[in-house]
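Everything on this sheet refers to the single structure shown next.
Quick note: the coordinates plus some simple rules give every number you see, no bench work behind them. The model shown is predicted, which means the values in this text are computed figures rather than measured ones. Positions of Cβ are backbone-derived with ideal geometry, glycine not excepted, and every protein chain shown enters the neighbour counts.
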Amino acid sequence: MTMHVFGLIGNPVGHSLSPPMHEAAYDELGMDARYVTFEPDPDDVEAAVEGAAALGIDGLNVTIPFKRDVLGLVDPDDLAARIGAVNTVDFSTSPPRGYNTDAAGVRRAFDHHDVSLAGTDAVVVGAGGAARAVAFTLADACDTVHVANRTAAKAESLAADVREDAAATVTGGGLDTLPDRVPEADILVNATSVGMEEDETPVRTALLHGDLAVLDAVYAPVQTRLLRDAASVGATTIDGAWMLLFQGVVAFEHWTGRDAPVDAMNAALRAHL
Ligand code: NAP
């Protein structure tokens, strides 16, 4: 049996939690496999992907700053093409197949918490890379998606991109739109970095309510102020480690065709947070 090699390309990748999370899956299933991190020079990403294919590497995750560059080097699935970013490459086909499991992982994180997105009104705070994956995913399932961002023009531009092929009604605006939107919403996602450096929240507690399901993309710390505030009003809370976990779970499933050992991966991830 040949050893399987998976990995991550990004720059930097030194603090990645993916190696322990994926290697826990290999241990749990008795797979002869390794997960290795690579930090190519940003000018060498094309050579890195071609080299990985030539070396017989089975699969790569892709992180900042390469998610957009890799899109043009692989055959992306529909969701990755619409988002314009690839975070998972499967080298079992030629050309290699590209996926965006950040997006698919958000869906799985809600499913895992028995939160149904069908027919819901969602608010996404933020308009960067994480918000993009979240907004495209929610727009495939929810009735409405509103993107609110500190820089309103970026929210409007993201909403326009998402609206193109979405069944959902998609709007965008500044953070001043939150008081109108959040009290009526079913789903709230923080996809800004607020809450990471300092104990701050992008959404005032007075706007939160018990019928909300709140996902915070921030995973360090795991218990952000937003999640603590949301729990205090009786909302369902989903921390950022679930989003991180399920992007890895979906990547594992694309690469191996097997169900991922979710509990083992979750335990390994949380042990390293
Ligand atoms: P990004 O592209 O740099 O976007 C940052 C976003 O945060 C922008 O919308 C920015 O607004 C907003 N922002 C930053 N500081 C702010 C402040 N003080 N007040 C209000 N808004 C502020 O970053 P990203 O890659 O999307 O990552 C965002 C967060 O998601 C990070 O904490 C990251 O760790 C997390 N993340 C988690 C996962 C996961 O799997 N759990 C995956 C990806 C990312 P402007 O546009 O106005 O600057």
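General observations
- Relative contact order of the range 183-253, taken over Cα pairs closer than 8 Å and 6 or more residues apart, is 31 percent.
- Angle between the chain longest axis and helix 18-29 axis [Cα atoms, degrees, rounded to 10]: 70
- With neighbour counts taken as other beta-carbon atoms within 10 Å, the residues 18, 157 rank, fewest first, as 157, 18.
- Alpha-carbon centroids, the range 78-94 and the range 1-59: separation in whole Å: 16
- With K and R counted +1 and D and E -1, the other residues having a Cβ less than 13 Å from that of residue 12 yield a net charge of -2.
- Three-way shape call for the range 1-114 based on the alpha-carbon gyration tensor, with the a/c threshold at 1.5: rounded
- Projecting the Cα positions of 11, 158, 182 onto the charge dipole of the chain (unit charges on Cβ atoms of Lys, Arg, Asp and Glu, taken about the Cα centre) puts 182 furthest along the positive direction.
- Given R0 = 22 Å, the distance between the Cβ atoms of residue 94 and residue 64 translates into a calculated FRET efficiency of 0.25.
- Each Lys and Arg contributes +1 and each Asp and Glu -1, all at the Cβ; summed about the Cα centre of the chain, the dipole is approximately 300 debye.
- Computed lengthening from residue 50 to residue 258, 0.36 nm per intervening residue step minus Cα-Cα distance: 72.3 nm
- Among 192, 256, the ranking by other beta carbons within 10 Å of each residue's beta carbon, starting with the fewest, stands as 256, 192.
- Counting only alpha carbon atoms, the long axis of helix 240-256 and the longest principal axis of the chain meet at about 40°.
- Counting every other Cβ atom within 10 Å of each residue's Cβ, 252, 91 order from fewest to most as 91, 252.
- Calculated [222 nm] ellipticity per residue, helices only, for the chain: -11500 deg cm²/dmol; basis is -39500 (n - 2.57) per DSSP H run with n ≥ 4, divided by all residues, nearest 500.
- Measuring r between the beta carbons of residue 199 and residue 112 and using R0 = 35 Å, the FRET efficiency lands at 0.85.
- Efficiency of FRET between residue 43 and residue 2 - r from beta-carbon atoms, R0 30 angstrom, step 0.05: 0.45
- Seen from residue 268, the other residues with C-beta closer than 14 Å to its C-beta sum to a net charge of -3, counting Lys and Arg as +1 and Asp and Glu as -1.
- When the chain is described by a simple charge dipole with +1 on each Lys and Arg Cβ and -1 on each Asp and Glu Cβ, the residue from 235, 220, 2 located farthest towards its positive end is 235.
- Separation in nanometres of the label points that stand 7 Å from Cα toward Cβ, at residue 164 and residue 232: 4.2
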